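The values are calculated or read from the model by the stated rules, or taken from the named source; none is laboratory data. Everything numeric here is computed off the predicted structure, so don't read it as measured data. Note that each Cβ is placed from the backbone with ideal geometry, even for glycine, and that neighbours are counted across all protein chains shown. What goes into the accessible areas is simple: the full protein's heavy atoms, side chains included, and nothing from ligands, DNA or RNA. Shrake-Rupley method; radii C 1.70, N 1.55, O 1.52, S 1.80 Å.
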Amino acid sequence: MADNEAFTYNGGKVEPGETQDIRYGISETYLGDPVRIPVTIINGERPGPTVFLSAAAHGDELNGIEVVREVAYEWDLADLAGTLVCMPVMNVPAFLAQQRYLPIYDRDLNRSFPGSETSTGAKRMAHRIYQNFIAPCDLGIDFHTSTRGRTNMLHVRADMSDPAVARLANAFGSHVIIDSSGSSGMLRTESSASGTPAITVEMGEAHRFQRELIDEALAGVESVFAEYGLRGTSTVNWPGWRTVISDENEKTWLRADAGGIVDMHHDRGALVHEGDRICTITNPFKDDNVTVVAPFTGLLVGVLENPVVYPGNPLCHLVELKDKVRRVVEREQSGAPETTL
Ligand SMILES: [Zn+2]
């Protein structure tokens with residue numbers, strides 16, 4: 001079999017069989033010091049696809065950092081067929097500040113791809129990341145969590161109308177796939193549009209390492225590696241049931257109609273039936289409870305974690321399940337605790 005090729009980026013080259021830890025400059029601070037992101041490139045001796053694994057495009061979304069780090073440093077990749085480009089912390093300024101957006105005019109790095117050499121600070125950073133470490137890849141996975149104060153069950157977001165993206169999304173083996181093309185400037189959207197199929201994995205909440213979700217995501221990465229032949233030892237994972245949520249499904253963010261303190265009665269991943277009580281909103285006097293019920297039967301993909309709301313704030317993300325899937329989930333949830341989902 002022919003050898004793998006070298007991986008090249010601006011200013012460097014990683015030979016087959018070689019691993020490099022790079023601190024790559026993407027900008028400069030107010031002091032003129034470099035802003036550098038950690039990149040680990042693992043180039044297998046055997047040929048295969050080049051895959052990026054990225055996290056912390058939003059600086060306070062930490063679960064994915066641990067997923068990417070464990071793949072790079074704890075997995076035995078001696079027999080890797082292909083190349084891994086691991087970027088555990090893309091948005092270093094926001095990571096240092098422990099906030100979602102770049103602390104420079106609160107720009108969203110994940111709306112700034114593929115970037116530009118001559119535009120805003122965020123787009124210049126995005127450009128350096130994208131040109132060097134995303135564009136050369138054959139496919140990739142970008143790890144996120146819910147926005148601060150909320151949590152979600154692990155799910156994939158992908159444009160299922162693109163067969164190459166759908167193959168990747170299915171290979172990850174999650175129970176839930178939300179089918180959407182995404183927004184302009186999103187890493188997965190721009191990457192997929194320019195020939196590097198990419199998915200977003202959403203998992204849990206910001207500011208945390210959540211072990212059970214990290215393990216679930218690692219199983220997903222292993223399943224993707226099996227699908228594309230990066231590791232001969234693993235097999236593609238079928239999660240037991242799967243629902244692809246598209247525009248045909250009912251889905252909604254239920255919003256609070258009263259301000260107050262929220263008592264959430266279900267965890268992320270729970271199945272609720274039409275009319276079930278999802279949460280109650282109280283105030284410190286407990287004399288004015290508002291009960292929020294499920295408008296249709298579905299899965300609580302995301303729920304509030306920080307239990308305070310103004311009217312209009314989101315309470316939970318409820319998505320409809322088709323009957324066949326719903327029956328499987330009902331069976332599973334009647335016999336198992338919700339956290340196994
Ligand atoms: Zn995010």
* Asked: With every protein chain in place, what's the accessible area of Lys13 (1.4 Å probe, Å², nearest 10)?
  -> 110
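At a threshold of 8 angstrom on Cα-Cα distance, excluding pairs fewer than six apart, so keeping six or more, what relative contact order does the chain reach in percent? Display every interim value, and only then the final one.
Numbers: 837 pairs, mean separation 47.0, N = 341.
Dividing the mean separation by the residue count of the chain yields 14 percent.
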* Within region 174-277, GluC sites (Glu not before Pro) in DSSP loop having at most 14 other beta-carbon neighbours inside 10 Å -> Glu248, Glu250, Glu274
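From largest accessible area down, sort Arg242, Arg148; use a 1.4 Å probe on the protein chains.
Values: Arg242 50, Arg148 170 Å².
So, going from the largest accessible area down, we get Arg148, Arg242.
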* Structure fact -> Taking placed amide H atoms and a strict 5 Å upper bound, the residues 5 or more places from Ser27 or on another chain that come that close are Val35
* Asked: Percent of alpha carbon pairs in region 250-334 separated by more than 16 Å?
  -> 49
* Among Ile278, Ser334, Thr291, whose Cα lies farthest out toward the positive end of the dipole of region 250-334, if unit charges sit on the beta carbon of Lys, Arg (+1) and Asp, Glu (-1)? -> Ser334
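Note the per residue figure in Å³ for the convex hull of the C-alpha positions in region 59-170. Kindly include the intermediate steps, with their values, before the conclusion.
Details: hull volume 15.1 nm³, N = 112.
So the per-residue Cα hull volume is 134 Å³.
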* Among all the lysines, which ones have a C-alpha under 27 Å from Lys324's C-alpha, if same-chain residues fewer than 8 places away are not counted? -> Lys251
* To do: Once you've got the GNM for the chain with C-alpha springs shorter than 10 Å, pick whichever of Asp267, Asp142, Asp162 has the biggest mean-square fluctuation.
  => Asp162
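Restricting attention to region 238-319, which chymotrypsin sites (Phe, Trp or Tyr not before Pro) occupy a DSSP loop and are surrounded by at most 14 other Cβ atoms within 10 Å? Don't skip to the end; give the middle numbers.
On the way: sites: Trp241, Trp253, Phe285, Phe296; in loops: Trp241, Phe285, Phe296.
Of the chymotrypsin sites (Phe, Trp or Tyr not before Pro), the ones in loops of region 238-319 whose Cβ has at most 14 other Cβ atoms within 10 Å are Phe285.
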* Asked: Roughly speaking, what is the centre-to-centre gap between region 78-92 and region 155-213 when only Cα atoms are used, to the nearest Å?
  -> 17
* Share of antiparallel DSSP beta bridges in the chain, in percent to the nearest 5? -> 65
* Asked: Carbon and sulfur: what percent of the chain's accessible surface (1.4 Å probe)?
  -> 47
* Give me the angle, in degrees from 0 to 90, between the Cα long axis of helix 211-227 and the longest principal axis of the Cα atoms of the chain, rounded to the nearest 10. => 50
* Asked: HN-Hα J couplings of region 290-305 from phi, Karplus 6.51/-1.76/1.60, θ = phi - 60°, integer Hz, Gly and Pro as x?
  -> 10, 9, 10, 10, 6, x, 7, 6, x, 9, 7, 5, x, 9, 5, 10
* Asked: How much accessible surface does Met90 have with a 1.4 Å probe, in Å² rounded to 10?
  -> 0
* Asked: Which whole-Hz couplings ³J(HN,Hα) result when phi for each residue of region 233-249 is put into the Karplus expression 6.51 cos²θ - 1.76 cosθ + 1.60, θ = phi - 60°, listed in order with x for Gly and Pro?
  -> 7, 9, 10, 6, 8, 9, x, x, 8, 8, 10, 9, 8, 10, 5, 6, 7
* Any chance you could give the angle, 0 to 90 degrees and rounded to 10, that helix 163-172 forms with the longest Cα principal axis of the chain? => 70
* Asked: Using just the C-alpha positions of the chain as equal point scatterers, what log10 of I(q)/I(0) does the Debye formula give at each q in 0.09, 0.10 1/Å?
  -> -0.50, -0.61
* Asked: If you keep only loop residues by DSSP, which chymotrypsin sites (Phe, Trp or Tyr not before Pro) in region 61-130 have at most 15 other Cβ atoms within 10 Å of their Cβ?
  -> Tyr105
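Taking only protein heavy atoms into account and a 1.4 Å probe, give the accessible area per residue of region 270-325 in Å².
Computed with neighbouring chains in place, this is 48 Å² per residue.
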* Top positive-direction residue, dipole computed over the chain with Cβ charges, set Ala122, His317, Gly182 -> Ala122
* Helix-only CD estimate at 222 nm, as mean residue ellipticity for the chain, using -39500 (n - 2.57) per DSSP H run (n ≥ 4) -> -6500 deg cm²/dmol
* Asked: Once the whole set of protein chains is in place, how much accessible area is left on Asp257, using a 1.4 Å probe, in Å² to the nearest 10?
  -> 140
